[in-house]
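Participant: Have a look at this one before I ask anything.
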Amino acid sequence: MPRLPAGFRIDGWELDSVIGSGGWGTVYEARAVADGTIAAVKVLPTGALAPGQRAALGELVAREVRFSAEADHPHLVRTHAVCTVDAPDLPALDGAIALVMDRAEASLRQVLDAAGTGGPIPDAVQVLRGVAAGLAHMHGAGWVHGDLKPANVLLGPDGAVWLADFGLATELEGTHAYVPPLGTLDHVPPEWWSQRTGADGTLVRPTADIWAFGVLAHQVLTGGLHPFPGATARARSLAAQAYARGTAPLRLDAGLDENWRRLIGDCLAPDHAGRLRHTAASLSARIEQLASPRGRRRLLPVAAVALAAVSAAAIAGVALLGGGGGGGGGADDEDDQRRGTPAVVTGAHSPAAGEIPEDSDVPEALRPVIVKAAHRCTDAEVTPAFLAAMLKAESGFDVNAARPASEEYGIAMWTPSVFRAWAVDGDGDGDKDYRSPPDAISTMSLYVCWLDQQFKKADMPAEDLPALMAAGYRTSDRTVITEGGVPERVRPHVDKVLRYLAAYER
């Protein structure tokens with residue numbers, strides 16, 4: 001495949017060395033001419049394609065760009081720009097499509113290829129946490145990845161884990177969607193082979209991603225071993241179909257810890273119905289439990305050196321390109337709209353870690369809403385007790401609270417314009433309303449989770465994080481970081497949050 005020379009410019013990006021190439025195109029490291037920002041540029045030639053192939057490529061690119069714009073998350077690689085290559089002296093590349101994306105250091109496929117089989121790769125749990133969190137976010141937003149495999153998991157600086165290649169990602173229409181029949185043979189579920197491909201494509205459901213996650217998890221925890229035998233992808237897919245028909249057993253690697261074995265086995269249930277109850281969100285919750293200190297001790301006999309460094313804080317170190325964000329209720333910087341979403345999953349903290357006491361003044365009807373919202377965040381500081389303290393300080397749990405002068409409304413005192421930038425559908429009714437307690441509280445959890453991660457990246461004291469989150473919600477992350485702590489003008493409010501938090505954590 002022809003390549004562009006180092007130094008070639010595509011719009012505001014200057015290409016450097018080649019990172020990798022595949023059937024569709026070549027990926028280059030690139031640097032922004034304006035400020036030196038490093039990115040990856042995927043160049044997809046179109047000149048030699050037949051009309052049908054060109055249309056298919058255009059559809060894949062449009063799908064990837066649309067998904068990247070709609071489902072921003074720190075565990076999903078982002079497409080920052082789509083450009084056209086202007087190279088009249090290189091006819092094979094003139095007019096090619098160029099996608100500017102986050103720059104990764106390696107793909108999970110490369111790590112697995114370099115690993116010795118039999119034990120987990122380094123930081124195996126961190127990788128699986130990131131993949132599960134990204135997948136949970138996709139499914140929660142109504143999308144299916146459609147091609148989850150090691151080559152489409154990218155590893156970036158500071159422990160970043162990104163799902164990538166959303167060319168087959170598609171938005172659900174109810175319980176399913178349709179994609180071109182282009183899945184990776186040994187990562188698609190057994191039912192994929194028996195489904196007819198119609199005019200709309202091949203039917204795909206979230207359970208297809210659950211199957212693929214089971215395959216990927218087995219590979220990550222065994223140094224690259226596929227759960228189904230075979231020297232080729234086709235042979236492995238045939239072995240998976242035999243298992244689904246009941247003519248062959250599921251033989252997972254003998255070195256797997258029993259809890260991981262059970263999780264992978266659930267993902268690899270032989271049919272769609274069997275996998276239906278195992279959502280990406282529930283897998284994230286289970287992985288969070290296995291990533292706890294107790295869960296890590298279970299894994300030590302398998303590969304102590306590889307996993308000893310994994311910690312609950314590791315996922316919080318994922319770097320987000322860009323910074324700053326709008327505050328919660330009454331933000332100082334409302335024009336700082338969302339630039340990144342925190343690692344949020346439907347998970348489960350330890351019952352002892354900040355749960356709401358039974359004899360507290362938190363209204364009974366709100367407790368399950370607060371607990372569910374808090375457990376969406378992987379960061380240990382965002383507990384049900386913390387959210388309850390925030391809500392009490394903001395509104396006294398009054399769902400009709402209002403401060404019209406500062407345009408703050410509802411139980412979480414959201415400014416409507418800021419709420420829209422972060423809005424979460426907390427009750428599953430399809431609407432996102434700042435006056436709805438489930439929506440307002442879930443969105444509060446999302447926002448303070450993101451604040452928590454910004455303050456950690458700024459190396460602010462860990463013991464101050466609850467106070468910093470409360471201050472950031474009243475002002476903005478930028479204000480708190482610039483002032484080096486809680487601004488004096490919101491100190492009385494922050495002290496109130498901390499008093500309530502102490503009472504709820506007694």
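Every read-out reported here was derived from the displayed coordinates using simple, explicitly stated rules and does not represent laboratory data. Because the structure is predicted, anything quoted here is derived from the model rather than measured. Here the Cβ is made from the backbone with ideal geometry for all residues, glycine too, and neighbour counts use every protein chain on show.
Participant: Explain nothing, just compute: Karplus ³J(HN,Hα) = 6.51 cos²θ - 1.76 cosθ + 1.60, θ = phi - 60°, for every residue of region 97-110 in order, whole Hz, x for Gly and Pro.
Facilitator: Here the 3J(HN,Hα) series is 8, 10, 9, 9, 10, 4, 8, 9, 8, 6, 9, 4, 4, 5 Hz.
Participant: When the Kirkwood radius is taken over all Cα pairs of region 121-164, what Stokes-Einstein diffusion coefficient follows at 10 °C and 1.306 mPa s, in µm²/s?
Facilitator: Answer from the Stokes-Einstein relation: 147 µm²/s.
Participant: Give me, ordered by chain and number, the residues 5 or more places off Ala96 or on other chains with an amide H under 5 Å from its own placed amide H.
Facilitator: Residues meeting the amide H criterion: Thr46, Val85.
Participant: Another question, if that's okay. What ranking do Tyr28, Tyr434 get, fewest neighbouring Cβ atoms within 10 angstrom at the top?
Facilitator: The order, fewest Cβ neighbours first, is Tyr434, Tyr28.
Participant: With a cut-off of 8 Å between alpha carbons and a minimum separation of six or more residues, what is the relative contact order of region 426-506 in percent?
Facilitator: Relative contact order for region 426-506 comes out at 21 percent.
Participant: Provide Asp464, Asp257 in ascending order of the number of other Cβ atoms located within 10 Å of each residue's Cβ, fewest first.
Facilitator: Lowest count first: Asp464, Asp257.
Participant: Over the Cα atoms of region 362-495, compute the convex hull volume and normalise it per residue, giving Å³.
Facilitator: Hull volume normalised by residue count: 105 Å³.
Participant: Give the Debye-formula value of log10 I(q)/I(0) at each listed q (0.13, 0.29 Å⁻¹), with one equal scatterer per alpha carbon of region 406-452, two decimals each.
Facilitator: Summing over Cα pairs of region 406-452 leads to -0.23, -1.07.
Participant: Right, another one. Would you kindly derive the ³J(HN,Hα) couplings of region 34-41 from the backbone phi angles with the Karplus curve 6.51 cos²θ - 1.76 cosθ + 1.60 (θ = phi - 60°), listing them in order in whole Hz, with x for Gly and Pro?
Facilitator: 5, 9, x, 4, 8, 8, 10, 10
Participant: If you don't mind, there's one more thing I want to ask. Report, by chain and number, residues whose modeled amide H sits under 5 Å from the one on His187, excluding near sequence neighbours (fewer than 5 apart, same chain).
Facilitator: For His187, no residues qualify.
Participant: Here is a further query. So what J values fall out for region 27-32 if you push phi through Karplus, 6.51 cos²θ - 1.76 cosθ + 1.60 with θ = phi - 60°, rounded to Hz, Gly and Pro as x?
Facilitator: 10, 10, 6, 9, 10, 5
Participant: Amide H neighbours of Leu76 under 5 Å, at least 5 residues apart or on other chains, H built in the peptide plane: list them.
Facilitator: Those lying under 5 Å, H to H, from Leu76 are Leu163.
Participant: Order these by the 10 Å Cβ neighbour count, fewest first: Met413, Met101.
Facilitator: Arranged by neighbour count, lowest to highest, Met413, Met101 become Met101, Met413.
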